[in-house]
Amino acid sequence: MNRNWLYVLLSGLVEIVWVSGLKHSSTIWEWLGTILAIAASFYLIIESAKRLPVGTVYAVFTGIGTAGTVAAEMLFFGEPFKPVKVLLIAVLLAGVIGLKLVTDDSAGQPDKEVTG
């Protein structure tokens, strides 16, 4: 995995934090942490989208965030476990992984000048 895909992965993981923060923050420090997580997540996604296909980057970012947020809500915040929900998240993740596998990493990069 190259650095750009690592940025996508990290931005998705940080998205889980800030989305949960939007629901569960109640103090000024929790809100500040949520705001910092939003800024970090968007910085990473913007950097990766400069070098990778933006459609795929966004799909992977939101897929990680969606699946992770649902899992975090069930594991840490008492959201009821529903097998159908888990199955649908697995289908979503299969699509995200498929997009990553079929995406050419160099597709979003500008053409290099040929000198010779």
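Details
- Any hit, the range 103-110, residues being in a helix (DSSP H, G or I), within 27 Å of residue 18 (Cβ to Cβ) and either of a type in the set (Ser, Thr, Tyr) or at pLDDT 85 or above (or both): no
- Scanning the range 3-31 for residues that are touching an Asp or Glu at 6+ places or on another chain (Cβ under 6 Å) and exposed (fewer than 15 other Cβ atoms within 10 Å of the Cβ) yields a total of 0.
- Residue 92 vs. criteria modelled with pLDDT under 90 and hydrophobic (A, V, I, L, M, F, W, C): yes
- The listed residues are 68, 95, 55, 78, and the only one of them that is assigned to a helix (DSSP H, G or I), within 19 Å of residue 20 (Cα to Cα), of a type outside the set (S, T, N, Q) and out of contact with any His (no Cβ under 8 Å at 6 or more places or on another chain) turns out to be 68.
- Test for residue 90: is it out of contact with any strand residue (DSSP E or B) (no Cβ under 9 Å at 6 or more places or on another chain) and either within 13 Å of residue 9 (Cβ to Cβ) or surrounded by 14 or more Cβ atoms within 10 Å (Cβ to Cβ) (or both): no
- So residue 30, is it modelled with pLDDT of 95 or more and acidic (Asp, Glu): yes
- Residues of the range 1-43 that turn out to be outside any helix (DSSP H, G or I) and among the hydrophobic types (A, V, I, L, M, F, W, C), as a count: 1
- Annotation: of all residues in the range 44-79 being of a type in the set (Phe, Trp, Tyr) and loosely packed, with under 14 Cβ neighbours inside 10 Å, the one that is modelled with the highest pLDDT is 76.
- The number of residues in the range 1-34 that are among the aliphatic types (A, V, I, L, M) and either touching a Lys or Arg at 6+ places or on another chain (Cβ under 8 Å) or in contact (Cβ under 8 Å) with a residue 12 or more places away in the chain (or both) comes to 9.
- Matching residues in the range 38-82 - criterion: being of a type in the set (A, V, I, L, M, F, W, C) and farther than 22 Å from residue 102 by Cα: 38, 39, 40, 42, 70, 71, 72, 74, 75, 76, 77, 81
The values are calculated or read from the model by the stated rules, or taken from the named source; none is laboratory data. All values reported here derive from a predicted model rather than from experimental measurement. A quick note on method: Cβ atoms are made from the backbone with ideal geometry, for glycine too, and the neighbour counts reach across all protein chains shown.
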